[in-house]
Structure formats: C-alpha cells, structure tokens
Amino acid sequence: MVPDFLTIAEAAKLIEQRELSPVELVESRLKRIEKLDGQLHSFIRVLPEAAMAAARTAESEIAAGRYKGPMHGIPIGLKDIYETKGVSTTGHSKVMQDHVPTADAFSVTKLKDAGGVVMGKLATHEFALGGPSFDLPWPPARNPWDTTRFTGGSSSGTGAAVPAGLVLGGTGSDTGGSIRGPAAYCGLAGIKPTYGLISRAGILPLAFSLDHAGPMAWTAEDCAIMLQAMAGHDPADPASASPPIPDYRKALTGDVKGLRIGLIRHFYTADNEADAATRDAIDAAAKKFEEMGASVREITLSPLAEWAACGVLIMMAEAYAIHEANLRTRFTDYGEIFRDRMALAGLFTAADYVQATRRRRELVDELDRAMAGLDLVMTAAAASEAPKIDEVPKFAILERPSLTMPFNVTGSPAMSVCCGYSGAGLPLSFQIVGKRFADATVLRAADAYERAMPWRDRRPAL
C-alpha cells in the first residue's frame with residue numbers, strides 16, 4: 001500500500017530501488033484526488049489518462065535501466081498559468097477558458113524530460129493576481145489545514161494540493177509573493193528562485209519585470225530536486241540568465257556553520273506587525289540557526305512600505321499593459337477583484353511607473369550593500385496564520401505592505417520555510433533570502449533548519 005504522504009526524495013528512493021512503481025504511485029494520487037479534492041478545489045483539471053500513460057512510460061524506462069533521476073515517475077501538478085500542449089490553460093479566468101496551447105511551457109518540457117508525471121492543472125488566482133474570487137468559472141482553492149481558511153495566493157492550488165498529498169510537488173509563480181504566500185499559509189516549502197533562473201516562456205505573464213517561476217513542495221530538499229529540473233537558460237525568455245547550474249541537492253549538507261544571517265526584524269515588528277505567535281516562531285528560528293553555528297544580527301533597511309509601494313506600482317502598471325485590450329472589450333468577463341484592481345491600475349501615469357523603476361534601482365543597491373558582509377537575510381513570510389477565506393479584503397495588497405514583495409523588487413532568491421504552528425494548528429513561516437544566483441545557499445539553510453526541527457512530520461488531517 002502506498003503511503004498517503006511521501007516526499008519527492010522518499011518516493012524517488014523507493015522508485016530507484018524498484019520498491020515502488022510509478023504506476024502504483026500515480027494511481028494512489030488519483031484516488032486521493034478523487035477522495036479529497038471536493039473539499040479543497042485545488043485542481044481545475046485532472047488528467048488521469050495522460051498521467052497514467054506517463055507513469056507506465058516511466059515504469060518501462062526504469063525497468064529497461066533508463067532511470068533519469070529523482071523526478072522520474074513523480075506526480076506533480078501545474079499552476080494553470082503554465083501552458084500545456086493540447087490541454088486548456090486558463091489563468092483561472094473566463095477570459096481564457098477556451099485557450100488550448102499548441103506547446104508546453106519551457107519549464108514544463110524540462111519537468112517532463114526529467115520524468116515528472118503531470119497530474120493536472122492547479123487552481124490559481126485570476127491571472128495570478130485577483131483572489132480569492134467566488135465569481136469565476138472554478139471555485140477558489142481551500143487550505144487543507146482548515147478549509148474555512150485562505151491558501152494565500154496566487155499559487156493557491158499548489159499550496160493546497162502538496163500538503164494534502166494529492167501531488168508530491170507543483171509549480172508556482174511569484175510576482176509579489178505568489179509562491180511564498182501559499183507556502184507560508186499552507187505549511188510547505190516554496191522557493192522563488194533568482195530572477196531569470198527559470199524561464200517564463202509559456203507561462204501567462206502578470207508583470208514582466210517581476211515575474212518569477214519556481215517549485216513548491218513539502219521540503220527544501222524536494223524544492224532542490226524540482227529546481228534542478230526546471231532551471232536553465234532559454235533564449236525565448238529575454239530575461240533568462242545563463243549562469244552555471246550547480247547541483248542543488250548536493251549543496252544540502254545539513255550544516256550552516258559560519259553562515260552570516262541578517263535579521264530584518266523591523267519589517268514584521270513595526271512596518272507590518274506580525275502577531276505574537278509569528279514573532280515568537282521567527283525569534284526561535286533565528287536562535288536555532290545560532291545554535292547550529294550560524295551568526296545572526298539585526299539589520300535595518302528602508303521601511304517596508306517603500307519596498308511594497310515600489311513593487312506594487314510596477315506590478316499593477318505592467319499587468320494593466322498586458323490586459324488593457326481585453327479590459328476595454330471584455331471588462332465584465334473578468335472577476336470583480338481582478339477587474340477592480342486593474343481599473344485602479346489604469347489611473348497610474350507613465351511618470352509614476354518611471355519613478356517606481358528609478359526607486360527600484362536604489363532599493364536593489366540598498367539590499368546589495370546591506371548584504372555585503374552577509375550570506376543570507378531572514379524575515380517574516382506572512383504576518384499571521386492564514387485568515388478566513390471570506391475575510392480577505394479586495395485591496396489587501398494595498399492595506400498592509402507586503403512582506404514578500406521586497407525580494408521581487410530585487411530579484412533575489414527567497415524561500416518560505418515552516419517554523420511551527422499556531423494555537424489553532426495552522427502553519428507559521430519565515431523567509432530566507434540570498435544573494436542573486438546563491439539559490440543553493442538559501443536551500444542549504446532551509447534544509448538544515450527543517451532537519452533540525454519536527455515541523456515536517458506533521459500533515460493536515462483531511
């Protein structure tokens with residue numbers, strides 16, 4: 001019998017040793033989706049026939065001695081902004097509900113080439129921005145720890161499906177926190193890699209200069225496995241970088257001795273005040289890093305509101321430019337939250353956008369200077385446990401400054417890591433942030449922390 005919960009690393013070891021069949025694993029996930037997703041709404045579209053065909057192919061390849069590595073035969077889900085050949089890619093919107101791409105996104109091709117088995121398309125917020133919305137063709141995803149709670153957005157389906165064990169990993173995108181927010185509220189690991197490390201070609205855009213693609217999984221080790229498969233230069237993405245791709249999993253030594261970490265405490269104690277449980281959990285995480293041999297010292301940056309205002313203005317202006325034509329002709333085909341946010345964005349001026357991009361350059365330089373003597377920084381990923389899904393304000397991104405947006409502004413690798421649970425049993429999280437293209441160091445610190453703590457042993461009871 002296949003366990004309800006497996007990490008990618010655990011399943012890969014069993015598959016490589018011929019103790020677990022990809023067919024059995026995929027069958028078990030399909031049964032779990034059928035049993036549980038009626039509560040979670042994490043999938044827009046399940047692809048059972050294609051998933052079983054891919055699982056049988058993986059099984060045959062492995063039996064013939066052509067094992068491709070730790071993604072081979074692993075069931076994953078794709079946020080429904082990742083284009084899939086012959087399968088609708090909707091952005092969770094009526095506007096694109098009939099859109100059937102003729103090719104896979106570059107990163108989807110890479111995941112399939114590594115042996116990943118696509119189980120289906122996962123819920124998102126409309127075009128990775130507006131949500132949670134209740135007026136779209138599909139309902140919003142629900143938090144598996146408490147289905148009355150918000151998953152975070154916009155990679156909401158991935159946030160729900162991974163901790164529930166419906167898939168072992170999934171893709172997300174992150175323009176202002178859309179990987180790290182759901183990872184924080186749903187208790188999984190999610191990394192927004194360095195800008196340009198993973199191609200966005202074939203992924204529906206929100207804001208070209210802020211969009212990042214990345215993996216979400218139960219552990220930092222699983223994220224490292226997925227990032228290995230997804231990273232790489234793509235000439236079709238003008239922002240794609242071409243650095244050497246290290247062995248991310250090999251970097252997971254379990255050791256943080258000598259790492260220098262800056263704690264940006266004011267972001268979550270003054271600028272966007274976190275609740276007591278979150279503050280205490282982050283303090284305990286910083287102390288744990290010190291006990292493990294890292295040094296931690298507080299640093300001060302510009303107020304969080306400046307980072308958030310800069311990033312949100314750029315995001316909204318670029319999103320409006322992408323959607324302007326459809327907004328003029330199909331305004332009411334969009335959900336209320338998305339169209340109202342875009343109507344607001346239509347009031348920004350060219351001068352606003354130019355000044356935001358100029359301020360961005362200053363903020364990038366500021367973080368670089370602050371990290372000159374550091375390896376990593378850490379701060380909150382969310383200010384509290386997940387709120388009730390029906391209590392999220394329409395303009396939440398404007399009411400309190402985003403804790404995740406600063407690192408979209410800078411393009412830095414940033415990762416949400418679970419650091420405990422609230423009194424209500426809901427996950428709490430912090431962020432680890434590295435220098436650009438030091439993604440391996442971020443994963444190393446996250447993995448070492450996870451190994452030292454018991455949080456990965458706990459899963460939602462559904």
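The values are calculated or read from the model by the stated rules, or taken from the named source; none is laboratory data. This one's a predicted model, so the numbers in the text were calculated from it and none came from an experiment. Cβ atoms come from the backbone with ideal geometry, glycine included; neighbour counts cover every protein chain shown. The accessibility values were calculated without ligands, DNA or RNA, using every heavy atom of the protein model including side chains. Shrake-Rupley method; radii C 1.70, N 1.55, O 1.52, S 1.80 Å.
Sorted largest first by accessible area at a 1.4 angstrom probe radius, with every protein chain in place, the residues 61, 126 fall in the order 61, 126.
Considering Cα pairs under 8 angstrom that are at least six residues apart, work out the relative contact order of segment 15-457 and quote it in whole percent. Don't skip to the answer; put the middle values down first.
On the way: 1042 pairs, mean separation 78.6, N = 443.
Normalised by residue count, the contact order of segment 15-457 is 18 percent.
Rounded to the nearest 10 square angstrom, residue 360 shows an accessible area of 40 square angstrom against a 1.4 Å probe. Measuring only protein heavy atoms, the 1.4 Å probe finds residue 280 accessible over about 100 Å². Counting only heavy atoms of the protein chains and using a 1.4 Å probe, residue 327 has close to 20 Å² of accessible surface.
Hey, any idea what % of the chain's accessible area is carbon plus sulfur with a 1.4 Å probe? Show your work: numbers first, answer last.
Details: 8590 of 16740 Å².
The value for the chain is 51 percent carbon and sulfur by accessible area.
Taking the DSSP beta bridges with both ends in segment 15-457, the antiparallel portion is around 70 percent. Available extension along the chain between residue 63 and residue 302 is 80.4 nm, counting 0.36 nm per residue and deducting the alpha carbon span.
Paramagnetic label reach from residue 398 (point 7 Å along Cα→Cβ; backbone nitrogen cut-off under 11 Å): within segment 320-361, residues 340-348. When the chain is described by a simple charge dipole with +1 on each Lys and Arg Cβ and -1 on each Asp and Glu Cβ, the residue from 379, 395, 277 located farthest towards its positive end is 379.
Label-to-label distance for residue 283 and residue 325 is 5.5 nm, based on points extended 7 Å past Cα in the beta-carbon direction. How far is the Cα center of segment 259-278 from the Cα center of segment 419-437, in Å? Between the Cα centre of segment 259-278 and that of segment 419-437, the gap is 11 Å. Counting only lysines at least 8 places from residue 85 when in the same chain, those with an alpha carbon closer than 27 Å to its own are 31, 68, 94, 110, 112, 121, 192.
Averaging Cα coordinates gives a centre for segment 112-183 and one for segment 35-59; these two points are 15 Å apart. Using the Karplus relation 6.51 cos²θ - 1.76 cosθ + 1.60 with θ = phi - 60°, the per-residue 3J(HN,Hα) values for segment 2-15 come to 7, x, 4, 10, 9, 7, 4, 4, 5, 5, 4, 5, 5, 5 Hz, with x marking Gly and Pro.
Measuring with a 1.4 Å probe in the full set of protein chains, what accessible area per residue, in whole Å², belongs to segment 1-148?
Values: 5990 Å² over 148 residues.
Here the per-residue accessible area is 40 Å².
Using the Cα gyration tensor of segment 15-457, with a ≥ b ≥ c the square roots of its eigenvalues, what is the shape: rounded (a/c below 1.5), prolate (a/b larger than b/c) or oblate (neither)? Could the numbers behind the result be given before it?
On the way: a/c = 1.43, a/b = 1.09, b/c = 1.31.
It is rounded, given that a/c, with a ≥ b ≥ c, falls under 1.5.
When the residues 83, 27 are ordered by accessible surface, computed with a 1.4 Å probe over the protein chains alone, the sequence from largest down reads 27, 83.
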